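Written out below as structure tokens is the structure these notes cover.
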Amino acid sequence: MYFGYEFQSLAENIDVKDLLNVKERQNMSLPTKKLSGAQNLKRKRKKQGETEKAATFLRVEKSSESSSSELVQHTTEEDLFNISSSDEAHEDEEQHAQEDLAISGMSYAVQNITQEEKLIRIDPTYCAASVSSDEESQQKGVHAKGLDSETCLIPAEGSRPCAANYSFVTECLFLVHHSLNLGFNVCFQKLMQLNQSIGEIQNSRSQNSNMLQTLEEQMKRLMTEYLSLRGALLETSAMEGMSHLHAATATWLVQVVVDEDSAEDREHYFPGSLRPVHFPLSEHASPTLACVPEFLLENLASFLTFVRRFNPRTLEENAERFLNPILTLILTFMDAPHRMLNPHLRARMAECLESFLPHPEERNDLNQLNPNPFGCFHREQLFLTHPHRLHVWKP
């Protein structure tokens, strides 16, 4: 009993971990058995196989490292030019994208202007507004300075009407026309001067044989300038954009003329809706015409003169969408000094009308520098189908 009680008390004091430690010490103290010769040989072969595998792995690692270094060296030596070329090409693409974005800014403005629901929201009194500070400019929406001093279609009787503020589309119309007046018109005049100088040199070559070499050098230089400028002005997207712009401007100006409510004091003076046009028009001139600058119609006259002489296919490509509103505009202002006081500008409207006349040599003449495969079909139809065609000839 005493022995049993002592064993029980000893078992209660021994921990399980102690038993595990005792078992491990017993296993460590066991004598190792001697291996036979066959077992020793098997063990050596196993170690040798493991050693060979390790050596093979190291060789693979070294070969991969050397191949990767060779690949990097090959890339840096041979593909460096290609990488730099691709970077330069990427920079060129970004530069061209920025240039295209700058060029497409005008086309984006033209797209905004030519939509009818936005066209009727253009206020004709924009050029009558004057601002004295940047804060006032932001409030009124007038960012083009100096347009209030431009010559307008008719003189103002007293103070000119002026709106409270102006929309973005209104600014787009007048800024685009102002840029064309400073850009396209000047280049077109330069082109005509070069054309005249080339004609004078051609006449001088037949008369002065002593200065033939000098004249040929001048002729070559002027022809280079002439063809470069001519090619720039005949850019396809620019021609299309300007044709849409002038057609939209013609529609809007006629709506400004037929707006009978423009004589009233209003917050805004835009037409608001497309009204029908009936000839003969009222003899009363809208007071808002005293706010419309003359360069809007000068731009139209220069454009029609240019396309009639250098690119007559533009007159046919847009058909009645371009021809009809411009003919209506010509009939509205050409014989109306109370709507457009400047007689020279009214004479230019007559030149615009002449550019619409079909010419027989355009029917089958495809050997020109600017061929017109469309002929003059739409211009012939213009004088047969336009609703106000009978008012071209006044009794």
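Sorted on the mean count of surrounding Cβ atoms within 10 Å across their residues, most packed first, peptides 274-282, 326-334, 166-174 read 326-334, 166-174, 274-282.
This model, with +1 at the C-beta of Lys and Arg and -1 at the C-beta of Asp and Glu, gives the range 118-394 a dipole about its Cα centre of some 680 debye. Full extension of the chain between residue 211 and residue 223 gives 2.5 nm of extra length, using 0.36 nm per residue less the Cα-Cα distance. Take the alpha carbon atoms of the range 262-317, find their center, do the same for the range 208-242, and report the distance between the two centers in whole angstrom. That distance is 33 Å. What does the C-alpha gyration tensor say about the overall shape of the range 252-306? Classify as rounded when a/c is under 1.5, otherwise prolate if a/b is larger than b/c, or oblate. Verdict is prolate for the range 252-306. For the range 282-320, GluC sites (Glu not before Pro) are listed when DSSP marks them as loop and at most 10 other Cβ atoms sit within 10 Å of their Cβ; the list is 283.
Residue order by solvent-accessible surface for 220, 190 is 220, 190, largest first, with ligands and nucleic acids left out and a 1.4 Å probe. Oblate is the label for the range 302-345, because the ratio a/c of its alpha-carbon gyration tensor axes (a ≥ b ≥ c) is 1.5 or higher and a/b is not greater than b/c.
Distant-in-sequence amide contacts of residue 166, defined by a placed amide H-H separation under 5 Å and a gap of 5 or more residues or a different chain, comprise 141.
Convex hull volume per residue, computed on the Cα atoms of the range 118-394, equals 163 Å³.
Residues whose amide H lies under 5 Å from that of residue 152, counting only those 5 or more places away or on a different chain, are 294; hydrogens are built 1.01 Å from N in the peptide plane.
The values are calculated or read from the model by the stated rules, or taken from the named source; none is laboratory data. In this text the structure is predicted, and so the values were computed from the model without any measurement. Because the Cβ atoms are built from the backbone with ideal geometry, glycine has one as well, and the counts that use them run over all protein chains shown. Keep in mind that these areas ignore ligands, DNA and RNA; they rest on the heavy atoms of the full protein, side chains included. Shrake-Rupley method; radii C 1.70, N 1.55, O 1.52, S 1.80 Å.
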